[in-house]
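A quick write-up on the structure given underneath.
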Amino acid sequence: MNLSPLADVVTPSSSPRLPPCGVNVTGWCMAHSLTWSALSKFEMAEMFRLMADEIRETAIFLMDTNGIITAWNDGAAEMKGYTAEEAVGQFFGILYTQEDRDAEAPQHNLAMAAQQGYFREESWRERKDGTLFWARIALTALRDEDGTMIGFSKVTLDLTHHKRLEECVKEKEETQRIMEAASAGTWSWTPATARLKVSEHLAALLGYPSETYTLSRSQSLSLIHPDDEDKVAAQLRYDVGAVRPAPVMAELRVRGVDGDYQWVYMRAQWRRDEADESLVLHGVCVAIQELKNAQRERENLFARLQEEEQRAQITLRSIADGVITVDAAGAVAQLNPAAERLTGWSAEQARGRQASEVFHVRAHEKGDAEPQEAVLNPIELALRENRVVSAPRNATLISRHGHRHSVAYACAPLRIMDEQRPEGAVLTIHDVTESKGLLDDLTYQASHDALTGLLNRREFAIKLQRTLDRVKAEHSHGAALLYMDLDQFKIVNDTCGHSAGDDLLQQLATEYRTHVRERDTLARLGGDEFALIVEHCSIEEALVVANKVLATTHRFRYTCAGQSFQIGVSIGLIPIHHGTTNVEEALRLADHACYIAKEAGRNRVFVQRSGDVDVQRRRNDMHWAAKLGDAFSNGQLQLFVQPIRAVGKAQRGLHYEVLLRIQEDDSAPIEPAMFLPAANRYDLMPSVDRWVLSQTVAWLEGHAEHVEALEMCSMNVSQRALADDAFRDFAVELLGSMSVPAHKLCFEIAETGACANLHKTLEFIDRLKQLGCRFALDDFGTGMASFSYLKQIPVDFVKIDGSFISMMTSSRIDYEMVRFTNEISHVMGRQTIAEYVADSATLEALENIGVDFAQGFLLGEPRPMALSFA
C-alpha cells in the first residue's frame, strides 16, 4: 500500500496530541491532523501506513483535491471489494450508488468538507459487485501549515448489520400498530399441553388484564359461546400423522371480561415445533362485531327496501315528472307513465332498447324556432363518466311521434353500496314547456319597453356596451349614438290625455322601425325619449340617419278627437370611438347634445364634436350641479341677507331679502349666479327652495325677539317650484304650523317664471295668501308683456329690474321706464322696490320719482344671516 502522500500532510508541532481514550487511533489522527515533532515526515507517514494497514474493520483512504483516490488500506479493499491497484487513480464516486452519482452527491460532499473542514453522513454505498452496505462516513479536508488544501481523507464503517436490526425492530413495532389498528390479536394452542397462549393485544381486545396470556383447556372453552362450541371442536380435530393438518377458519362469539360476547373471525395454521416436532396451532382473531351489526342492519334494511320498492313503484306511476331507469349497458329497464307520455314509448315497447333511441334530445338556442344541435345522450354520459349530468339550457325532447317538449332533465348513475362502477342510471325529465314560454315572456318583458315593443333602457345599455367593446377592438369601424327627445309631445298629453300620448308613441315607434337598419339598435329610454345606435359608420353617415329620423318625425301626424297634431324631435348625435370610456359617459354626452339641440330652437340635430363651446358649457353645468349636491351633503349651504330700505321716509322695522351662498372652508362664498343655472337645468331648484324655506323658518322660530322687530323677510321661489304641487303642499304645511306670523314672510317670484305657467303660479299665490303671506314680482320689466301680467298676478310688491335702475341716471329711456313702472304699480295698489342701487345719485332719483323701497350695495351688502342679527 502506498501512503507516501502522508509525508506531505504531517506537520511538526511542539508536542504530540493524543486521542481520547477509546477512540480509534487512525480515525482520530486523520480527523485531527495528529503530528509528532520527534518524527520526520517520512517516518510519520510510514507509521501511519502501518497503523492503517492493521485496521481491517474500517476503510481508510486518501484523495487529492479533486477526489481522486491516492491511498487505499486493506480495510477499504475488504469492505468495498476494490484492490488498492483498482482503486488508486479512480474518482471516489465509484463507491456511491448510481442514484447518488446522478444527484452529484460525491461533488457535494467534497464541497461541504472543503467548506466546513469535515463532512459526516450515513448512507447506502455500493461495493464492486453491486451489493449495498450501510456506511458511516467521515470525510476530512487536509491542509498544510499554510492552510492550503492538499487533499482529503475518508474513514468508513460498515454498519449494515446494525441497520438491518434497526429495520427489524421498526417492522415489529409496525406490525404491533397494525394489529392494534385492526382490533386483532394472535394466539397459539398446544394440544399436548392443552394450553392456550394469547397475545397482549388479544387479551386487551377481550377486556382481560394484560398479564393474562396463558389459559387452560377449560378456561379456553369457557370463552366460546355455547352455540359455537361444536363448530370450533370440529375444526380442531386433526390427523396426528399428517404433515400439516388443514387450516382452521371460523366465525365465532367470544366472551369478554364483562360477560358479553362479541363476534371475531378466527384463522389458524398448524405448525410443528422445531424442538420436539409437536403440533402447535398458531392463529389470529379479528374483531368483526361491527361487521355483524352491519350485516344484521343490511338484512333489516333489505326487508324495508322491499316494502319501499313497492311504495316507489306506486310513486313513480303517480308523479308528474318522467322517470327512465336503465341498466349498466344503457338499455331501458323501466318508464313511468309520465315518461311514456313525453317520449311516446310505452314501457313494454321501450324495455331493452338503448336509451338514445327512446330519449331523443336536442339543444334549443335562444331565438331559434327549431332545435339546432344534437346533445350527447345524458344517460350515456352518466354511465361512462360516472357522474350526474344535467340538462343544457333550452333542451328540447323530440318524442317518438315527432312532438316537441321543452324539458329540464338530470341523470344520475346508480351505485350499489361503495361500488365505483355504476350498475345503471336514473333519468328524471321535467316538462317545462309551459314555464319556458312564461320565462320567454318574462325575459322579453325585462328587455323590452311594454308600450312600444322597442328595447328598454336596461337592454339598450347592454347593447351599447357591446358596441363600445367592438369599437375598441376594431379601431377602423366606428359607430354613433343618437339621443332623441320629442318636441311638443306634452301638448298631445294635455289636450287628449295620456292614453292618446301612449298611442302616439306606439305609432311613432312603428314609423322609426321602418327607417332603422336591421343591424342598428333602437330603444325607448323612457317618457318621450328614444335612442339609436348606428353601427359601422362615420359621423357623416350617422348624420344622414339622424336627418331621416328628423324628417320622419316632421312628416308624422297624429289625429285625435278630430284634431291633427304635428310634433318634432331634438336629436343629440355623438361619435362612438375607442376613446369613449363607458356607457354612462356616452349617454351623458348624447343627452347633453340633445339638450343643446333643444336650446338652439328644437326640432334639429346637434352633432357634438370635440371643443364645442356649448358642450363645454353643459359640462360646466354638470360641475356646478355636482358641487351643489356636495354642498347639500356636507352642510356647505349658508343663508345670507341683504337689507331693503324705505326711500324718503322712516323705516318701520327690519326688511331684508334672504339670499343663498355656498361656503367652502375659509374661501369667499360662492354666489348663486354660479350654481343656480345648473340647478335649473338639472331640476334641482325644488330641493334648493325647500332648503331655503325650511332653514329660514327654523332660524326665525329660534329668534323670537328678532321676529318682533321684523317687518318683512323676502325669499325667492323658482319657476320649477311654482309648478310643483309637492312643493306647494310642503310650503302650506310648514307655514301653517310655524309660530312666525305669516304676513312677515314675502315670496319673490321672477316675472318670467310666473308667466311660464300662469295657472300654477296663481294657484300657489292663492294658497299661501290664505295663510297671510305676501308676494313680490321680481325682475319686473324684462318680459315682453309685463304690464298685462301685472294685472293678473295679485302681488304686493313690484321689484323693478336692476338693469333699468343701474342706468337710470345716465339714460333718459331707463329713467322713464322706472318712473312709468312706479306710477302704474301705484295705480294698481302695488308698492315698488328698486334693485341694484349702487350710488347716492340713483337713490336721489328714486326718491324724486317716489319709489317706495331700495336695495343695493349702497344700502348694505349681503351678510351671513346668523352674523347680521347676532
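Please tell me which of these pairs span more than 18 angstrom C-alpha to C-alpha: Lys490/Lys598; Lys80/Lys154; Lys744/Lys791?
Listed pairs above 18 Å: Lys744/Lys791.
Proximity of backbone amide H atoms, modeled 1.01 Å from N, is registered between Ala750 and Val717, Asp778 at under 5 Å, excluding neighbours fewer than 5 places apart on the same chain. Which GluC sites (Glu not before Pro) does the range 419-522 hold that lie in a coil by DSSP with at most 14 other beta carbons within 10 Å? Here the sparse-neighbourhood loop sites are Glu419, Glu423, Glu474, Glu518. If you wrap the tightest convex hull around every Cα atom of the range 632-868 and split its volume per residue, you get 133 Å³.
So what's the net charge close to Lys598: Lys and Arg +1, Asp and Glu -1, counting the other residues with Cβ under 10 Å from its Cβ?
So the surrounding residues net to -1.
Taking Cβ atoms as reference points and 13 Å as the exclusive limit, the residues near Arg351 contribute a net charge of -3, counting Lys and Arg as +1 and Asp and Glu as -1.
Looking at the range 632-868 only, what percent of DSSP beta bridges run antiparallel? Nearest 5 please. In the range 632-868, approximately 35 percent of DSSP beta bridges are antiparallel ones. Here Ile571, Ile462, Ile793, Ile596 are placed in order of increasing Cβ neighbour count within 10 Å, fewest first, which gives Ile462, Ile793, Ile596, Ile571.
For the range 451-610, the fraction of C-alpha pairs farther apart than 28 angstrom is 18 percent.
Read the figures in this text as sums done on the coordinates, not as results from a lab. Remember, predicted model here, so these are calculated numbers, not experimental data. Methodologically, a virtual Cβ is constructed for each residue, glycine included, from the backbone with ideal geometry; neighbour enumeration extends over all protein chains shown.
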